[in-house]
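**Student:** My questions all concern the structure below.
The values are calculated or read from the model by the stated rules, or taken from the named source; none is laboratory data. On a predicted model such as this, the values are computed, not experimentally measured, just so you know. Using ideal geometry, Cβ is built from the backbone for each residue, glycine included, and neighbour counts are taken over all protein chains shown.
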Amino acid sequence: MSEDPRRTLSDSRHKPWEENPSEEWAFALEHADRGEWDFAIAHCRRAINIWPSYYDAWLLLGGVLEEKGALDQALEAIERASEIAILELSQAWNNLAGLRLLRQEWEEALVIDRILDLIDPSRHAIIRYRMAVASTQIGDLESGFKWLTEAIDYRPDLRERALNESWLEPLHSRLLQRDG
């Protein structure tokens, strides 16, 4: 009598798969769909052990813990998922703003940086620096200088960068006067 292939596959799923967090997440989802909360939790935790910033695994873990009635743990998992989402979103918006500048899409870069400043205030200095570039390039030198001085106040190392930035050339003399 041959062994049931589904049983063999099911048995193999409960061995540690430390090299593939996506596979662990898929197993967790399958168990969650069947209401097998403990197995789902174990697979979520394995996925997170492999990849600590795996948003989907944290989110699924929170949902499974909620279903199981572990509300405090569920809240912790969902909060962690939210933190990861904000960081990932912040990096994506940061990259997007930088690309808009490179493409010389000044207005779009300003809009993106205003949003990014709300999402991730830790990027305040570089956001203000890019806003200075964009404002200067659209001819709004007053706003450009305001953003540039704010950026430099947060990060003094940006002063030298600004003085070497051709896009900020219209502000160079005012910057030198301010510091002189």
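**Student:** Take Ala162 and decide whether it is in contact (Cβ under 8 Å) with a residue 24 or more places away in the chain and in contact with a helix residue (DSSP H, G or I) (Cβ under 9 Å, 6 or more places away or on another chain).
**Tutor:** Considered against the rule, which asks whether it is in contact (Cβ under 8 Å) with a residue 24 or more places away in the chain and in contact with a helix residue (DSSP H, G or I) (Cβ under 9 Å, 6 or more places away or on another chain), Ala162 comes out as yes.
**Student:** Only one of (1) among the hydrophobic types (A, V, I, L, M, F, W, C); (2) crowded, with 17+ Cβ neighbours inside 10 Å; (3) more than 30 Å from Ala40 (Cα to Cα) fails for Ala74. Which number is that?
**Tutor:** If we test Ala74 against (1) among the hydrophobic types (A, V, I, L, M, F, W, C); (2) crowded, with 17+ Cβ neighbours inside 10 Å; (3) more than 30 Å from Ala40 (Cα to Cα), just (3) comes out false.
**Student:** Something else: When you go through Ser143, Ser122 one by one, which is the residue that is within 30 Å of Pro21 (Cβ to Cβ) and in the same structural domain as Leu175 (by TED's automatic domain parsing)?
**Tutor:** The conditions single out Ser122.
**Student:** Mind checking whether some residue in the range 121-136 is touching a helix residue (DSSP H, G or I) at 6+ places or on another chain (Cβ under 9 Å), aliphatic (A, V, I, L, M), more than 16 Å from Ser173 (Cα to Cα) and not in a helix (DSSP H, G or I)?
**Tutor:** Checked against the condition, which is being touching a helix residue (DSSP H, G or I) at 6+ places or on another chain (Cβ under 9 Å), aliphatic (A, V, I, L, M), more than 16 Å from Ser173 (Cα to Cα) and not in a helix (DSSP H, G or I), the range 121-136 yields no hits at all.
**Student:** Can you name the residue in the range 129-148 that is closer than 13 Å to Leu101 by Cα and not hydroxyl-bearing (Ser, Thr, Tyr) and is also surrounded by the most Cβ atoms within 10 Å (Cβ to Cβ) among such residues?
**Tutor:** It comes out as Ala132.
**Student:** Can you tell me which residue in the range 149-175 is surrounded by the most Cβ atoms within 10 Å (Cβ to Cβ), limited to those that are of a type in the set (A, V, I, L, M) and either in contact with a Pro (Cβ under 7 Å, 6 or more places away or on another chain) or over 20 Å from Gln104 (Cβ atoms) (or both)?
**Tutor:** Of everything passing the filter in the range 149-175, Ile152 is surrounded by the most Cβ atoms within 10 Å (Cβ to Cβ).
**Student:** Right, here's the next one. Could you tell me whether any residue of the range 82-102 is at pLDDT 95 or above, crowded, with 17+ Cβ neighbours inside 10 Å and of a type in the set (Phe, Trp, Tyr)?
**Tutor:** The answer is no, given that none of the residues of the range 82-102 is at pLDDT 95 or above, crowded, with 17+ Cβ neighbours inside 10 Å and of a type in the set (Phe, Trp, Tyr).
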